[in-house]
Amino acid sequence: MRSSFEIRETETRASAHVLPIRVLVSEPDAVSRRLICSLLECESGMTVTCVDESRLVSSIEESAPDLVILDVHTPAISRAPSWEAVGIKRAPATIVTAYDPSAVSAFASSAIDFLVKPFDAERLESALDLARSRIARARIELEVEGRSSDQEEKRPARHFLQRLAVEANEKIVLVRVDDIRWMQSSGNHIRLHVGKTSHLVRQSMKNLHALLDPNRFLRVHRNAIVNLDHVEEFHLPPNGNMYVKLNDGLCLPLRKANRALLRRLLKDIS
């Protein structure tokens, strides 16, 4: 018997409603493209397709991706203020890359995030976290808007994880996700901090994060997820270390160089 496990029925139900995020990459820089594609290929719940700049618009029209990652100087968008201006009716979420941090065009200013090359895996993961949250929210809003007024009320199509089952001292303890203050990666396990106690579950941070409501749970670091209901404040000094403070006084570090990204993410999920 596994030392700890999730309720299989709940996980299956949640996973069934989490559609893959389709990513289209049009990145001319070979080093950046390899980093993007190698990271995306390891991400659960994401599929990636790379296309040449000349096929960007036609590929978007054909495949309707959820997320597009492209260079700010891509000819199709270099002078366009938005996707709509180049004929894309259903605009995908967008991450823009550039060598020059000052190369912020009208198009780039409306993107989810702006990555200055060369960027590392952690910076890219931060942008992908923001994209996941935006896409999940857009999907839910689209499903709600698509319901006709004469239909019977239905549950939202996506069901987020509600409970976790953990084995502790020869007992199985049901932990409500709402009661979890924060989650900490610990090797092949995650430690759930609930009140003054904690529990271990055998799960990866990436997989568990995908099952949580992005409007309530924020991944503040590679090894930590916080429940926003238990957050008191975010400390974002101009210099020095950033941290998030929970309402019990505990302080957790925030990812470096993510001040602007964090502000945009919190605005999006507030």
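The values are calculated or read from the model by the stated rules, or taken from the named source; none is laboratory data. Just so we're clear, the structure is a prediction, and the values are computed from it rather than from any experiment. A quick note on method: Cβ atoms are made from the backbone with ideal geometry, for glycine too, and the neighbour counts reach across all protein chains shown. In case anyone asks, the SASA skips ligands and DNA or RNA and just uses the protein heavy atoms, side chains included. Shrake-Rupley method; radii C 1.70, N 1.55, O 1.52, S 1.80 Å.
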**OP:** Would you work out which of V72, V86, V96 lies farthest towards the positive end of the dipole of region 55-105, given +1 charges on the beta-carbon of Lys and Arg and -1 on that of Asp and Glu, about the Cα centre?
**Re:** V86
Subject >> Largest-first ordering by accessible area, 1.4 Å probe, given options K89, K196, K171, K117 >> reply: K196, K89, K171, K117
Original post:
Per residue, what accessible area does region 167-241 have, given a 1.4 Å probe and all protein chains present, in Å²?
Top reply: 53 Å²
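Sorted by accessible area (1.4 Å probe), largest first, how do H235, H209 line up?
Sorted by accessible area, descending: H235, H209.
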**OP:** Express the carbon and sulfur contribution to the solvent-accessible surface of region 24-110 as a percent, rounded to the nearest whole number, probe 1.4 angstrom.
**Re:** 53 percent
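About its Cα centre, what dipole magnitude does region 23-110 give when the only charges are +1 on Lys and Arg Cβ and -1 on Asp and Glu Cβ, stated in debye to the nearest 20?
Dipole size: approximately 160 debye.
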Subject >> Largest-first ordering by accessible area, 1.4 Å probe, given options R55, R123 >> reply: R55, R123
